[in-house]
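For reference, the structure is listed below as structure tokens.
The values are calculated or read from the model by the stated rules, or taken from the named source; none is laboratory data. Quick caveat, the model's predicted, so the values are computed rather than measured. As a convention, Cβ positions derive from the backbone with ideal geometry for all residues, glycine included, and neighbour counts pool all protein chains shown. Heads up: the accessible areas ignore ligands, DNA and RNA and are worked out on the full protein's heavy atoms, side chains in. Shrake-Rupley method; radii C 1.70, N 1.55, O 1.52, S 1.80 Å.
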Amino acid sequence: KKKIKFKIAADGSSASGKTTGGKLIAKKLKMSFLSSGALYRFCALKIIENNKKYNNKFIYKIVKSITLKKLENKKLYNPEVARLSSIIAKKPFVRNALKNFQKDFIKKSSLVVVEGRDIGSKIMPDADLKLFFTCSVKKKAQRRLLEFKSLNQKISFKQVEKALILRDKEDTKRRISPLIKAKNAVLVDTTKLTIKQMEAKLINLVKNSIKKKYGNL
Ligand code: C5P
């Protein structure tokens, strides 16, 4: 059996389906998975716990302490954490510290899926497959609202929609590492797809792409 190496970058706006999609691919094809958004959220949470004070040294210390287990903390999905994560994501020293974490993670595994905003463009420009997720704002807000409800967060559809639009605008307009579709990325519009349909589409894309690289395994 051939030893295969395959790296997938999954980028897209907030709630576009990239995390769900990336996790499904990783599970089905036994690849390791990293949500880079969770890294920014983790830093934001620690900053909030530190009375909103942070500097370069603080961030480096935080990043050193990150484990995959810690990234499963439900608190990372609070609206306040989400808001702060996109604010600190504009700081070069935050991005640099997290870039090192991501690069180390990628180096460690031969089969890897990383999701985020700048994975295909900055973190893994050499990815074997780049996916770019999109979805209508209405649909994204509906999905996020359901997630908040399941976490018992009281928030209205309008509030969710407003927060999503604001964060997407900030992520797209920022000067360093903005959300961008890499030239060779495959567009995946999840607006009208059920999770099952999205999964089928993604697995198909990945399998074809692996076949292109290695032929029939
Ligand atoms: O994807 P998620 O919504 O969890 O990301 C939270 C925030 O982290 C985003 O709004 C974005 O500002 C930032 N982020 C980033 N680059 C990434 C992943 C996330 O700037 N690769």
Of Lys183/Lys213; Lys90/Lys140; Lys99/Lys196, which pairs sit farther than 27 Å apart, going by alpha carbon to alpha carbon? Lys99/Lys196
Between Val186 and residues 5 or more places away or on another chain, which pairs have amide H atoms under 5 Å apart, with H built 1.01 Å from N, and which residues are they? Lys130, Leu131, Phe132
With runs of 4+ DSSP H residues as the only contributors, calculate the mean residue ellipticity of the chain at 222 nm using -39,500 (n - 2.57) per run, divided by the residue total and rounded to the nearest 500. -17000 deg cm²/dmol
How large is ³J(HN,Hα), in whole Hz, for each residue of region 180-186 in order, when computed from phi with the Karplus curve 6.51 cos²θ - 1.76 cosθ + 1.60 and θ = phi - 60°, using x for Gly and Pro? 8, 7, 4, 3, 9, 7, 8
Solvent exposure of region 106-174 as accessible area per residue, Å², 1.4 Å probe: 53
Per residue of region 123-137, what does 6.51 cos²θ - 1.76 cosθ + 1.60 with θ = phi - 60° give for ³J(HN,Hα)? Whole Hz please, x for Gly and Pro, Karplus curve as stated. 7, 10, x, 9, 4, 6, 9, 10, 10, 10, 8, 9, 6, 5, 4
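For Lys61, what charge total do you get from the other residues with a beta carbon under 15 Å from its beta carbon, if Lys and Arg give +1 and Asp and Glu give -1?
Computed value for this residue: +4.
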Do you know the relative contact order of region 19-81, to the nearest whole percent, from alpha carbon pairs under 8 angstrom that are 6+ apart? 36
The local net charge around Ala163, scoring Lys/Arg +1 and Asp/Glu -1 for residues other than Ala163 whose Cβ lies under 9 Å from its Cβ, equals +3
Candidate aspartates and glutamates for bridging to Lys46, where Cα separation is under 16 Å - those fewer than 8 sequence places away on the same chain excluded: Glu72, Glu80
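Roughly to the nearest percent, how much of the accessible area of region 37-169 is carbon and sulfur, given a 1.4 Å probe?
56
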Cα long-axis angle, helix 92-108 against the chain (0 to 90 degrees, to the nearest 10): 30
Can you give the net charge of the other residues whose Cβ lies under 12 Å from the Cβ of Lys139, counting K and R as +1 and D and E as -1? +3
Only four residue types carry charge here, +1 at the Cβ of Lys and Arg and -1 at the Cβ of Asp and Glu. Report the dipole size of region 90-217 about the Cα centre in Debye, rounded to the nearest 20. 320
Which ³J(HN,Hα) values, rounded to whole Hz and listed in residue order, are derived for region 154-168 from phi using the Karplus coefficients 6.51, -1.76 and 1.60 in 6.51 cos²θ - 1.76 cosθ + 1.60 with θ = phi - 60°, glycine and proline given as x? 8, 7, 8, 4, 4, 5, 4, 4, 4, 5, 5, 4, 4, 5, 5
So how tilted is helix 36-49 from the main axis of the chain? Cα-based, degrees 0 to 90, rounded to 10. 20
Can you list residues from other chains, or at least 5 along the same chain, whose modelled amide H is less than 5 Å from the amide H of Leu111? Phe6, Ser32
What does the charge dipole of the chain about its Cα centre add up to, to the nearest 20 debye, if the Cβ of each Lys and Arg holds +1 and the Cβ of each Asp and Glu holds -1? 320
Principal-axis tilt of helix 56-65 within the chain, Cα atoms, nearest 10 degrees: 50
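Relative contact order of region 13-161, please, whole-number percent, based on alpha carbon pairs below 8 angstrom and at least 6 residues apart. Can you show the working numbers first?
On the way: 126 pairs, mean separation 53.9, N = 149.
Once normalised by length, the contact order is 36 percent.
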